[in-house]
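The values are calculated or read from the model by the stated rules, or taken from the named source; none is laboratory data. Not measured: the values here are computed from a predicted model. Backbone-built Cβ (ideal geometry, glycine too); neighbour counts: all protein chains shown. Just so you know, the surface numbers come from the protein's heavy atoms only, side chains and all, with ligands and any DNA or RNA stripped out. Shrake-Rupley method; radii C 1.70, N 1.55, O 1.52, S 1.80 Å.
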Amino acid sequence: MRFFIWKRNEQLVHSIMKKDLKKLYPQWCAKKHNRNQCVGLDLDSIFSASIEHHVHGYEINYVYTFNGFWVLNPNDKRKVIGYDMALLHGYVWDNHVTMHNSKSYVNPNSANLNAIFKISTSNYTEKYAGSTALQLWAYHKLPLPPTDEGKMLLLTIDSAFLGHYNHKFKEVHNEYLRTLGFEELIDLLERKTLQDFKNAKINEIVTFKDGYLSYPQELIDHVESLLGIKLMIPQAQFTLVNSYAYEKQPIYKDIFKLKENKVLSLAYTSKNYVKYTEVKQ
């Protein structure tokens, strides 16, 4: 049923997005700020931050690990921009579903198509299932990689290719790519197979041990050579600032309403499960 509701709305959505993508995102996204960056422990987050370093020169100063918040330079008191994280307050670029229903709270400063289009567990099959990095690539109007291999790597980040090969979701998936201006990527998906993309996918886990971020050098070289963006991974040690309680559980209530003053981040990872970080008392 939800698929047909999307079908009735897709022409309107396509028209709006084609008119001016940037006007749909929070106004803060359109200019450079005196802020630094907070990243998580996967390639989508690190690469998204790297795109904005490439565009605006922002530097990574924080790591968010669900269980804790870590700082590189504690003397830098600037506010942050979070990447690929569903923080309920502050500036974030994200791709998670954060609403329990159409009336749920949504971070007004979340640059996230799922927040913009009020995607919740009620219409979960209409979600944007692409990466945070793909949104940033479109927003900043970066030219697509010149090779098929580069374009495929871009689509493998956070498995942004998968929806195209699911017949129940293909049209929704492709519509989001169109709204982002990526018709060329749809053509690529048509020419390649699901197995082609699985073969192109690389390890996306960024290791964090004893306060140090690390990612295999051969993968750094691979990403940088194909996508033309320097991968920003600080080599200095981060220090723990705050610890949090991290939960994953079946959905039974609107967690934000239940624990409004305690929830730092929240994402519905399926129609039936929610993950959230709760501030310890």
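Counting DSSP beta bridges in region 44-166, what percent are antiparallel, to the nearest 5?
So the antiparallel bridges amount to about 35 percent of the total.
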In Å², and per residue, what accessible area does region 183-234 have when probed at 1.4 Å with the other protein chains present? 56 Å²
Taking the alpha-carbon centroid of each part, what is the distance from region 75-118 to region 157-176 in angstrom? 22 Å
Highest mean packing first, using Cβ neighbours within 10 angstrom, the peptides 63-72, 81-90 sort as 81-90, 63-72
Using a 1.4 Å probe over the heavy atoms of the protein chains, calculate the carbon and sulfur portion of the accessible area of region 50-180 as a whole percent. 53 percent
Percent of beta bridges antiparallel (DSSP, the chain, rounded to nearest 5): 70 percent
Points 7 angstrom from Cα along the Cβ direction at Gln217 and Asp76: gap in nanometres? 2.4 nm
What distance in nm separates the simple spin-label points at His167 and Asn101, each placed 7 Å from Cα in the Cβ direction? 3.4 nm
Estimated inter-spin distance, Arg191 and Val279, nm [label 7 Å along Cα→Cβ]: 5.1 nm
Just the number please: accessible area per residue for region 9-153, 1.4 Å probe, all protein chains included, in Å². 41 Å²
Running Debye on region 74-144 with equal point scatterers at the Cα sites and no solvent, what base-10 log of I(q)/I(0) appears at q = 0.24 Å⁻¹? -1.04
Under Stokes-Einstein, region 157-246 at 4 °C and 1.567 mPa s, with its Kirkwood radius over C-alpha pairs, diffuses with a coefficient in µm²/s of 81 µm²/s
Computed over region 77-218, Cα set: Rg, Dmax in Å: 16.2, 49
List the aspartates and glutamates whose Cα sits under 20 Å from the Cα of Lys198, skipping any in the same chain fewer than 8 residues away. Asp42, Asp44, Asp148, Glu149, Asp158, Glu184, Asp187, Glu190, Glu218, Asp221, Glu224
Given 0.36 nm per residue, what is the gain on full extension from Ile233 to His140 after removing their alpha carbon distance, in nm? 31.4 nm
Rounding to the nearest 20 debye, state how big the charge dipole of region 140-281 is about its Cα centre with +1 on each Lys and Arg Cβ and -1 on each Asp and Glu Cβ. 700 debye
Provide the FRET efficiency to the nearest 0.05 for the Asn203-Val55 pair, computing r from the beta carbons and using R0 = 25 Å. 0.45
Sort largest first and round to whole Å: the equivalent ellipsoid semi-axes of the chain, each the square root of five times a Cα gyration tensor eigenvalue. 28, 25, 18
